[in-house]
1. Considering each of Gly18, Gly26, Gly45 in turn, give the residue that is assigned to a helix (DSSP H, G or I), loosely packed, with under 10 Cβ neighbours inside 10 Å and free of Cβ contacts under 8 Å to residues at least 60 places away in the same chain.
2. Do you know which residues across region 29-42 are surrounded by 11 or more Cβ atoms within 10 Å (Cβ to Cβ) and not in a helix (DSSP H, G or I)?
3. Hey, among Thr52, Thr59, which residue is modelled with pLDDT of 85 or more, within 14 Å of the chain's Cα centre (by Cα) and surrounded by 10 or more Cβ atoms within 10 Å (Cβ to Cβ)?
Amino acid sequence: MQGTHKKSGRTLFALGFGYLVDQGEGQAMGVLSPILQALWGISYGAIGLMETLRNIAQTISAPFWGYAAD
């Protein structure tokens, strides 16, 4: 039973680290938005739409990537 608990802890750590890396992009966009706005000359509304579409695409594609990983 001890080996199972140890394996579960590693799995939980790997999932948490994967989530941290995955959400790094979303967190970075908050910092990069003003830079993108200045470089590309797009509005904050367009950046908001881009982020919304990214979140929708990520939500829709998540089951596929989960299935592909198994």
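The values are calculated or read from the model by the stated rules, or taken from the named source; none is laboratory data. Predicted model only: the values in this text are computed from it and were never measured. Quick reminder, even Gly has a Cβ in these numbers, built from the backbone with ideal geometry, and neighbours come from all protein chains shown.
1. Only one candidate qualifies: Gly45.
2. The answer is Ile42, and nothing else.
3. Numbers: Thr59 fails: surrounded by 10 or more Cβ atoms within 10 Å (Cβ to Cβ).
Within the list Thr52, Thr59, the selection yields Thr52.
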